[in-house]
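The values are calculated or read from the model by the stated rules, or taken from the named source; none is laboratory data. Note that the structure is predicted; figures quoted are calculated from it, not measured. Here Cβ is always computed from backbone atoms with ideal geometry, including for glycine, and neighbour counts include all displayed protein chains.
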Amino acid sequence: MVFAVQDLHIEFGARVLFDSLSFVVEQGERIAFAGQNGAGKSTLMKCIVGAMEPDSGKVILPRHTHVGYLPQDGIHIEGTPLLDEVLGSVGNIVELQQQVDELSAELQQLPTDSDAYRSHLEEIGRLELILHDRDAASLRPRVESILRGLGFSEADFRRDCGEFSGGWQMRIALAKLLIQEPEVLLLDEPTNHLDISSQRWMEQSLRNYRGAICIISHDIALLDGLVSRTIAFHHGRAEEYAGNFSFYLRESKARKEILQRQAKAQQREIAKTQAFIDRFRAKATKASQAQSRLKQLEKIELIEVEQDDAVMSFHFPPPPPGGHTVVRLEKVSKAYGPIRLLQDYDFTVDKGDRIAIVGVNGAGKSTFTRLISGTEAPDSGIFAFGHHTQVAFFSQTHADVLNNEQTVLECVEAAASRETRPLVRNILGCFLFRGDDVFKKIGVLSGGERSRVALVCMLLKPANFLIMDEPTNHLDFQSQDVLQAALAEYPGSYCIVSHNRRFLDPIVNKVLEFRLGQAPRLFHGNVSQYLETIEAEERRQAAAAARSATSSTAASTAAAAPSTTPGNRRDLRRQRAQERERRAQILKPLQKELEAVESAIAVLDERKAAISSELGKPENMSDNQKLMELTQEFQQKDRESEALFTRWEELSRAIEEAEHMLEVEATHPG
């Protein structure tokens with residue numbers, strides 16, 4: 001057991017979130033917390049990590065169990081370079097190494113027969129043993145690998161954390177958790193701020209993670225590929241399902257159908273019993289039987305079937321008519337300081353375009369939405385709306401400018417037109433503001449709730465061109481489906497920044513890809529088709545690189561080979577031999593060096609362990625000269641080990657890439 005929740009009870013006013021909630025999480029489990037927004041999933045995580053106290057009950061954590069928590073928002077780190085911030089999160093390894101370096105420098109200035117010299121040696125030895133136990137030598141390469149996987153560049157490593165925006169702040173926090181490797185990871189919507197490539201990397205990292213993981217996410221693909229157990233929260237109750245999210249959806253539906261049948265059968269039995277009682281109550285010969293059945297009826301525990309929350313829907317206000325061209329950019333350039341996002345870029349949005357905007361964070365997606373919405377001017381070039389284009393724009397920053405003194409209802413009604421005002425209560429219900437929720441002040445809402453209010457305000461505005469920047473980040477599955485259905489029937493044009501394939505695939509017909517340092521590229525089709533195109537493109541590039549790397553070998557082999565006839569067995573054997581030769585020429589040197597590096601690391605580890613043992617012997621503790629020699633040797637071996645770990649990672653990556661290239665070349669010759 002890594003932790004247990006026991007008889008947890010949490011309520012807010014008259015609303016009970018959990019009543020006698022109990023469950024146990026075992027080592028290595030992957031658990032999804034499911035349920036609608038507001039069901040208490042995030043609250044439960046805060047209780048587990050100790051950020052909130054339950055009304056009753058407790059969370060049992062074994063001694064020394066470390067729980068890592070990634071909240072949805074509210075993280076801001078500044079004042080430290082990125083690499084140092086992540087390195088420094090692992091048991092103060094950076095500080096320990098700095099202490100060792102400082103003591104070593106001071107040691108050179110002290111007399112070898114002094115008490116201070118001996119004291120310094122002992123302290124250096126103690127610190128080196130701690131660093132050895134924490135595998136400090138491989139720490140830096142591991143941190144750099146995690147940061148690259150999450151989308152940071154080498155140039156980012158020395159940037160102050162405060163320079164990164166909110167989405168990147170969450171990536172920093174996630175990197176710190178992954179390098180710390182706590183026994184339990186609590187992740188609240190970890191993919192909200194990740195682009196497609198970072199999502200894929202994170203999913204693989206979580207699959208290989210050694211500790212237990214509890215996750216809240218609206219990414220069904222992530223949950224299905226990761227979790228093996230789902231705990232669903234609904235109306236103060238929790239139900240467990242021994243499967244992934246899709247299993248939970250199927251099983252919960254089946255359970256409810258069974259319960260409904262049982263409830264109907266019970267009601268039929270109750271009706272029959274009641275009919276018997278009513279018929280024979282007055283007859284002396286049957287009165288005792290009627291009375292007995294009445295007592296049985298009173299003891300029956302009724303089967304209750306909870307009603308699903310009403311599935312709502314909405315329709316966009318009819319868009320005003322517009323021309324064929326919606327937006328036109330000609331020779332547009334845009335830069336922020338030295339960072340050039342667009343250079344002489346041409347782009348047109350035509351009537352009927354339904355465009356997904358994808359790409360790595362920082363490549364210019366949000367800037368592009370501000371340009372095509374007319375809220376930000378280009379540095380140069382022409383920007384123009386088409387005939388009668390009317391824009392409705394949802395940006396994440398719009399949530400920050402809402403009036404904190406207004407209620408949710410007042411805010412949305414102020415944004416609605418006369419035609420759309422009757423739709424306000426319905427659309428608020430679609431996006432999780434139901435009952436008294438609409439009377440909450442904007443100032444008391446969470447970041448996700450504010451974002452949903454801003455989205456509703458935008459959706460009520462009559463427009464023929466919609467621009468949305470990450471609209472699904474704070475929506476549950478039901479609200480996503482409502483918005484998706486409304487967009488599917490919307491007759492206007494739209495551009496949506498999102499990496500939510502489940503949401504985008506049925507409703508987009510083009511994909512605009514942003515990459516750092518490159519002009520945006522337009523692809524026809526949905527996001528899945530775009531990814532297939534990109535993967536095919538990468539395979540061709542890999543094959544071309546493999547052919548280029550082996551061109552001299554291939555040329556010399558071809559020159560030496562006699563002319564052959566297709567289908568000849570001898571020719572086939574010769575071809576396969578040539579393939580093996582090419583494979584050996586590319587991979588063998590890399591594999592040989594990797595084996596040498598691994599052997600060298602093993603030798604260094606063995607020697608460091610021996611030095612650690614020597615440092616603990618009483619006879620060496622009393623010999624200053626021997627103690628100094630052992631300590632200096634340990635420091636040298638540790639530095640060598642760190643360099644070897646860096647090289648090991650480089651070689652492993654190179655072998656993986658080379659194997660992929662050779663496989664592509666063999667599968668797609670020419």
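Being over 13 Å from Arg118 (Cβ atoms) and touching a residue at least 24 places away in the same chain (Cβ under 8 Å) is the filter here, so list the residues in the range 617-631 that pass it.
Leu630
Please determine whether any residue of the range 466-478 is at pLDDT 85 or above, of a type in the set (Asp, Glu) and within 16 Å of Gln72 (Cβ to Cβ).
Yes: the range 466-478 contains one or more residues that are at pLDDT 85 or above, of a type in the set (Asp, Glu) and within 16 Å of Gln72 (Cβ to Cβ).
Please enumerate the residues belonging to the range 116-133 that are of a type in the set (Ser, Thr, Tyr) and over 13 Å from Lys626 (Cα atoms).
Ser119
If a residue has to be among the polar types (S, T, N, Q), closer than 30 Å to Arg148 by Cβ and touching a helix residue (DSSP H, G or I) at 6+ places or on another chain (Cβ under 6 Å) to count, how many in the range 610-649 make the cut?
Looking only at that region, the number is 2.
Return yes when Leu226 is without any contact (Cβ under 8 Å) to a residue 40 or more places away in the chain, within 28 Å of Ala34 (Cβ to Cβ) and crowded, with 17+ Cβ neighbours inside 10 Å and no when it is not.
So Leu226 fails the test.
Limited to the range 473-503, what total is found for residues that are surrounded by fewer than 17 Cβ atoms within 10 Å (Cβ to Cβ), in contact (Cβ under 8 Å) with a residue 24 or more places away in the chain and of a type in the set (A, V, I, L, M, F, W, C)?
1
For the range 74-98, which positions are loosely packed, with under 15 Cβ neighbours inside 10 Å and not in a loop (DSSP other than H, G, I, E, B)?
Answer for the range 74-98, where residues must be loosely packed, with under 15 Cβ neighbours inside 10 Å and not in a loop (DSSP other than H, G, I, E, B): Glu95, Gln98.
What is the number of the single condition among (1) surrounded by fewer than 11 Cβ atoms within 10 Å (Cβ to Cβ); (2) modelled with pLDDT of 65 or more that Lys608 does not meet?
It is condition (1) that Lys608 fails.
Inspect all residues belonging to the range 341-360 and state whether any of them is surrounded by fewer than 14 Cβ atoms within 10 Å (Cβ to Cβ), more than 30 Å from the chain's Cα centre (by Cα) and not in a loop (DSSP other than H, G, I, E, B).
yes
How about the range 58-70: which of its residues are crowded, with 18+ Cβ neighbours inside 10 Å and either under 26 Å from Glu203 (Cα atoms) or touching an Asp or Glu at 6+ places or on another chain (Cβ under 6 Å) (or both)?
Within the range 58-70, Val67, Gly68, Tyr69, Leu70 meet the criteria.
Looking at the structure I just gave you, is Arg279 out of contact with any Lys or Arg (no Cβ under 7 Å at 6 or more places or on another chain), basic (Lys, Arg) and assigned by TED's automatic domain parsing to the domain that holds Gln518?
No: the conditions fail for Arg279.
Looking at the range 285-297, is at least one residue outside the structural domain of Gln480 (by TED's automatic domain parsing), part of a loop (DSSP other than H, G, I, E, B) and not hydroxyl-bearing (Ser, Thr, Tyr)?
yes
Within the range 48-79, count every residue that is under 27 Å from Arg210 (Cβ atoms) and either of a type in the set (Lys, Arg) or out of contact with any strand residue (DSSP E or B) (no Cβ under 6 Å at 6 or more places or on another chain) (or both).
Here the count works out to 10.
Residue check, His388 against (1) surrounded by 16 or more Cβ atoms within 10 Å (Cβ to Cβ); (2) more than 16 Å from Leu341 (Cβ to Cβ), all met but one. Which one?
Answer for His388: the failing condition is (1).
Which of the residues that make up the range 627-645 are surrounded by fewer than 19 Cβ atoms within 10 Å (Cβ to Cβ) and touching an Asp or Glu at 6+ places or on another chain (Cβ under 8 Å)?
Result: Gln635, single match.
What are the residue pairs meeting all of these: first residue in the range 637-658, first residue in contact (Cβ under 8 Å) with a residue 24 or more places away in the chain, second residue among the acidic types (Asp, Glu), Cβ atoms under 7 Å, and 6 or more apart or on different chains?
Partner pairs satisfying both residue conditions: Trp648/Glu598; Leu651/Glu593.
Restricted to the range 146-196, and to residues that are surrounded by fewer than 16 Cβ atoms within 10 Å (Cβ to Cβ) and polar (S, T, N, Q), which residue is nearest to Lys41 (Cα to Cα)?
If we take residues in the range 146-196 being surrounded by fewer than 16 Cβ atoms within 10 Å (Cβ to Cβ) and polar (S, T, N, Q), then Gln180 is nearest to Lys41 (Cα to Cα).
I want to confirm something. Restricting to the range 229-238 and keeping residues that are surrounded by fewer than 21 Cβ atoms within 10 Å (Cβ to Cβ) and not small (Gly, Ala, Ser), which single residue is nearest to Phe18 (Cα to Cα)?
Arg237
Go through the range 120-170 and give me each residue that's part of a helix (DSSP H, G or I) and of a type in the set (Gly, Ala, Ser).
Correct list: Gly125, Ala136, Ala137, Ser138, Ser145, Gly149, Ala155, Gly162, Gly166, Gly167.
Please state which of the following conditions Thr369 fails to meet, knowing it meets all the rest: (1) within 26 Å of Phe503 (Cα to Cα); (2) of a type in the set (Val, Ile, Thr); (3) at pLDDT below 90.
Condition not satisfied by Thr369: (3).
For the subset of the range 429-451 comprising residues that are touching a Leu at 6+ places or on another chain (Cβ under 7 Å) and buried (at least 16 other Cβ atoms within 10 Å of the Cβ), which member is nearest to Ala39 (Cα to Cα)?
Phe431
Give the range 363-397 a look and list any residue that's at positive phi and in contact with a Phe, Trp or Tyr (Cβ under 8 Å, 6 or more places away or on another chain), or say none.
Listed by number, the residues that qualify are Gly364, Gly374, Gly381.
Name the pairs whose Cβ atoms lie under 8 Å apart, with the first residue in the range 579-599 and more than 13 Å from Arg647 (Cβ to Cβ), the second outside any helix (DSSP H, G or I), and 6 or more positions between them or separate chains?
Close Cβ pairs (under 8 Å, with a partner that is outside any helix (DSSP H, G or I)) amount to Arg582/Thr550; Gln585/Thr550; Ile586/Thr550.
Considering only residues of the range 16-47 that are assigned to a strand (DSSP E or B) and without any contact (Cβ under 8 Å) to a residue 60 or more places away in the chain, which is nearest to Asn208 (Cα to Cα)?
Val24
Output the residues belonging to the range 219-255 that are in a strand (DSSP E or B), at pLDDT below 90 and within 16 Å of Asp476 (Cα to Cα).
Correct list: Phe233, His234.
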